[in-house]
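Right, one structure below, let's go through it.
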Amino acid sequence: MKKSMIGLLLAGVLASVMGAQAQTISAYCAAGRTVKFAGITWESGQFTTEVLRYILEKGYGCRTEVVLGSSAVTETALVAGDLQIWGEQWEGRSAIVARGIADGRVRLVGNILDGGTVEGWFVPTYVIKGDAQRNISPAAPTLRSVTDLVRYRHIFRDPERPHLGRFYNCIIGWTCERINNQKLRAYGLDRYFVNFRPGSGAALDAAIAGAYERGRPIFFYYWAPSGLMARFDVTRLEEPEFNEACWSTLMDPNHPRPCGSAYPSINLRFGVSSTLPADDVINDLLSQVQFPLAFFNQILAEIGIYRKPVAQVAREFLVEQQDMWTRWVPADVAARVIASLR
């Protein structure tokens, strides 16, 4: 009797363990399919992608691949089902993804950034407050708002058109560039500032870093998460509070009378193709991934400062921040990842 009871107990324990293990097996990967990620062109999306790839490969036994291409190309591939995960979707910013969601071919999963994004128009803080240690006097001590920019345009003089100021816009072709074009019109600044649109994120970063290191004024758009926001002390200029009606005029590049509005703080989420079923355990991982903004900015600053490969920084994160990421996955998955890091 005792032996049969013990046998039943052992069978129950074994069934329970096997059941728990089954919950952490990806049916998609077990079928021999490769999880394809978008090859995102900015560092925060690259970092998140590499962290996920490592966990999927070492913890779930998946094969992964990165599909290179511009944002429009890879978002189109996501909608078509040619890749499965877009590692950093700025919710509400992509018309391509929005159509995919409406058609049921894409869903948004998770909330990558605790507290949401930060976007706006910035100047180095020393422009307003000075910097005694660097012997920099405040060039625009009463600059607080976008409404103050006209009288300070000479501070941000454009080198090619010195009677105008220069605004460093978002990267040409990005949604934020088109929004900023409309904002300049909404605030009446298009008559006083050259709308300078860098061709790449590296060009924008180089312009900001170069001005900052020389202690010169510069007026620019930027966002967080980003490494630059952790590297430099900058001040965001005040704008009218976010207004949905005005925001719609900024999102429409052809609207004849745009009105001003601050950028909303939005969620960063994973874009997931319907080719990766919603009940697959990979979705459980995606729904749990989250980083504090300050920590995320610091990680990205290290990538920029030390020029480390993003995959290396992702591995270092998994080694050094186990208290954070092990909360995202079941214990057996965490154990396999940790064992692979030794």
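The values are calculated or read from the model by the stated rules, or taken from the named source; none is laboratory data. All values reported here derive from a predicted model rather than from experimental measurement. Here the Cβ is made from the backbone with ideal geometry for all residues, glycine too, and neighbour counts use every protein chain on show. Ligands, DNA and RNA are stripped out before the accessible areas are found, and what is left, the full protein with its side chains, is counted by its heavy atoms. Shrake-Rupley method; radii C 1.70, N 1.55, O 1.52, S 1.80 Å.
The table below lists the values:
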quantity	calculated
Unique residue being of a type outside the set (Lys, Arg) and part of a strand (DSSP E or B) when the list is 181, 195	195
Some residue of the stretch 234-245 being closer than 22 Å to residue 296 by Cβ and open to solvent by less than 70 Å² (accessible area, probe 1.4 Å)	yes
Scan of the stretch 113-137 for residues that are under 26 Å from residue 328 (Cα atoms) and either among the small types (Gly, Ala, Ser) or at pLDDT 95 or above (or both), ordered by number	115, 116
Residue match in the stretch 130-140 (condition: open to solvent by less than 10 Å² (accessible area, probe 1.4 Å) and either in contact (Cβ under 8 Å) with a residue 40 or more places away in the chain or not in a strand (DSSP E or B) (or both))	yes
All strands (runs of 3 or more DSSP E) inside the stretch 210-314 with 3 or more residues being closer than 30 Å to residue 193 by Cα	219-224, 234-236
Tally, over the stretch 141-170, of residues that are surrounded by fewer than 20 Cβ atoms within 10 Å (Cβ to Cβ) and under 20 Å from residue 223 (Cα atoms)	2
Whichever residue in the stretch 17-35 is of a type outside the set (Gly, Ala, Ser), at pLDDT 95 or above and assigned to a helix (DSSP H, G or I) and, among such residues, is farthest from residue 65 (Cα to Cα)	28
Whichever residue in the stretch 196-230 is over 25 Å from residue 292 (Cα atoms) and charged (D, E, K, R) and, among such residues, is most open to solvent (accessible area, probe 1.4 Å)	214
Number of the condition not met by residue 160 [criteria: (1) of a type in the set (D, E, K, R); (2) in contact with a strand residue (DSSP E or B) (Cβ under 6 Å, 6 or more places away or on another chain); (3) assigned to a loop (DSSP other than H, G, I, E, B)]	(2)
Residue in the stretch 289-301 that is open to solvent by 40 Å² or more (accessible area, probe 1.4 Å), closer than 17 Å to residue 114 by Cα and modelled with pLDDT of 95 or more present	yes
The stretch 69-89, residues that are part of a loop (DSSP other than H, G, I, E, B) and more than 26 Å from residue 337 (Cβ to Cβ)	69, 70, 81, 82
Matching residues, the stretch 316-337, being closer than 22 Å to residue 66 by Cα, touching a residue at least 12 places away in the same chain (Cβ under 8 Å) and surrounded by fewer than 16 Cβ atoms within 10 Å (Cβ to Cβ)	none
Filter result for residue 110 (of a type in the set (Gly, Ala, Ser), buried (at least 16 other Cβ atoms within 10 Å of the Cβ), over 28 Å from residue 211 (Cβ atoms) and in contact (Cβ under 8 Å) with a residue 24 or more places away in the chain)	yes
Among residues of the stretch 302-324, those that are over 18 Å from the mean Cα position of the chain (by Cα) and of a type in the set (Phe, Trp, Tyr), counted	1
Some residue of the stretch 55-63 being farther than 17 Å from residue 322 by Cα, in a strand (DSSP E or B) and open to solvent by 30 Å² or more (accessible area, probe 1.4 Å)	yes
Odd one out for residue 312 among (1) open to solvent by 60 Å² or more (accessible area, probe 1.4 Å); (2) over 26 Å from residue 62 (Cα atoms)	(2)
Where residue 180 falls short, out of the listed (1) open to solvent by 10 Å² or more (accessible area, probe 1.4 Å); (2) out of contact with any helix residue (DSSP H, G or I) (no Cβ under 8 Å at 6 or more places or on another chain); (3) in contact (Cβ under 8 Å) with a residue 40 or more places away in the chain	(1)
Subset of the stretch 230-288 (residues that are closer than 15 Å to residue 187 by Cβ and among the small types (Gly, Ala, Ser))	260, 261, 262
Among (1) open to solvent by 10 Å² or more (accessible area, probe 1.4 Å); (2) at negative phi; (3) not in a helix (DSSP H, G or I), the one test that residue 188 misses	(2)
